[in-house]
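Before any comments, here is the structure.
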Amino acid sequence: MAEDAEKADVEREEEIPPRKDVSREEKTEAYEGLPKRSYREMLSDPVGLIFNVRMLRRFVQILFIVGINAYFVASLSGGEAFTAFWRNISFIIPALPILSPLQAPAAILAGSFDTFEREFASGFFPFYTLGTMIIVLIVLGRAGCGWMCPFGTLQDFATLPNRKKIRPAPNTETEMRRLKAYIFIIVMFLAVWVGVSKLTGTSAALTAALGPFAEAAFDPFSPAYILFVAFPSIISRGLWPTGLGNLWYVLQWGWFIPQLIFVIVILAISFWFPRAFCRWLCPAGWIYGIFSKDSLIGIGRNPAKCTPDTCNICEVVCPMNIKIRRFPYQHMHSPDCILCLECKSHCPRKAIVIRFS
Ligand code: SF4
Ligand code: SF4
């Protein structure tokens with residue numbers, strides 16, 4: 001399945017001739033040739049001046065990072081009624097196409113990938129999780145990645161202070177993107193293997209051999225698991241390093257220190273390479289991309305306004321490093337688009353449009 005999807009992507013890119021890569025200087029000229037908004041226009045739209053789509057996305061992202069961990073917020077503010085109510089209905093709330101571990105103690109929502117990985121490893125076929133995931137992705141595309149996923153949000157914030165992002169060469173980017181497909185295949189192979197061995201009653205030796213990879217093989221590497229499961233677990237056990245003795249206990253705590261270093265390195269890389277984890281390593285993002293490529297809501301370009309030979313601003317600002325100009329005007333069928341709308345916000349000619357088709 002991984003190879004088919006990649007082949008389709010490559011074929012699609014080959015069908016459309018590559019555009020000349022416009023330099024940053026040319027990009028500035030493209031901006032300069034455009035009429036600036038007059039003060040009268042700006043004053044006639046004060047809401048638009050303060051409240052644009054970029055700010056709206058930041059607001060929604062913060063809301064979700066707090067909201068997804070609402071049990072923690074409720075525990076601080078005496079919201080036991082909310083906690084009890086949500087726990088009662090949580091079994092009917094579907095998982096969302098984001099990265100959010102099922103067993104995070106403070107989380108009120110789980111990620112589809114995290115959930116079906118565990119369900120496969122438990123010997124169940126995840127009809128409900130897969131069904132709701134596919135429906136959400138076909139309708140909304142990967143908007144969950146762009147607007148809700150907590151680790152996606154943290155990467156966006158890590159990138160914010162840096163105005164000079166690095167864009168790898170297209171071939172390097174393509175090779176790096178393959179990694180998440182390979183991770184997905186390995187993780188799902190292990191999950192199904194463990195699940196089948198449980199059904200046949202032969203799981204004891206296998207789960208012992210796989211150790212921390214037996215229940216959900218991606219968890220030890222998942223930044224969301226490290227931040228929202230392992231980290232709270234350290235704190236709740238009173239192992240927070242308030243002194244040297246305590247620090248020693250934390251260092252003793254198996255995987256945690258290398259895991260924490262891994263997350264810090266990913267966020268540090270995101271400073272130069274926006275959404276580095278989503279682009280190259282996230283197996284959840286890879287499977288979400290397969291079903292979201294032809295989503296009902298997507299991005300298109302207005303051919304009467306877009307000037308692809310002299311401007312590449314949409315590509316420069318795209319956090320997923322998508323070659324937007326290579327796709328047809330009508331609909332940008334990229335499995336990597338997270339519907340963040342950065343291209344729409346920055347397009348000086350207002351050529352990027354949201355398509356419902
Ligand atoms: S690709 Fe990024 S935003 Fe999407 S689920 Fe993975 S970490 Fe979250
Ligand atoms: S194409 Fe536009 S909406 Fe999609 S990820 Fe890139 S900037 Fe965001």
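Values in this text are rule-based calculations from the coordinates and carry no lab data. From a predicted model like this one, the values you see are computed outputs, not experimental measurements. Here the Cβ is made from the backbone with ideal geometry for all residues, glycine too, and neighbour counts use every protein chain on show.
Quick notes on this structure:
- Pairs with C-alpha atoms separated by more than 25 Å, drawn from the list Lys180/Lys344; Lys164/Lys350; Lys180/Lys293; Lys164/Lys293; Lys198/Lys293; Lys164/Lys344, are Lys180/Lys344; Lys164/Lys293; Lys198/Lys293.
- Proxy reagent accessibility, fewest Cβ within 10 Å first, across Ser90, Ser270, Ser222: Ser90, Ser270, Ser222
- Prolate/oblate/rounded label for segment 150-224 (Cα gyration tensor, a/c 1.5): prolate
- As a ratio to 2.2 N^0.38 Å, the alpha-carbon radius of gyration computed for segment 281-357 takes the value 1.06.
- Cα coordinate range in segment 126-181, projected on the principal axes (Å, largest first): 42, 27, 18
- Proximity of backbone amide H atoms, modeled 1.01 Å from N, is registered between Arg355 and Gly298, Ile299, Gly300 at under 5 Å, excluding neighbours fewer than 5 places apart on the same chain.
- Annotation: segment 167-206 has a Kirkwood hydrodynamic radius of 12.1 angstrom, from the mean reciprocal C-alpha pair distance.
- Per-residue ³J(HN,Hα) for segment 286-293, Karplus 6.51 cos²θ - 1.76 cosθ + 1.60, θ = phi - 60°, Hz, x for Gly and Pro: 5, 5, 4, x, 4, 8, 9, 4
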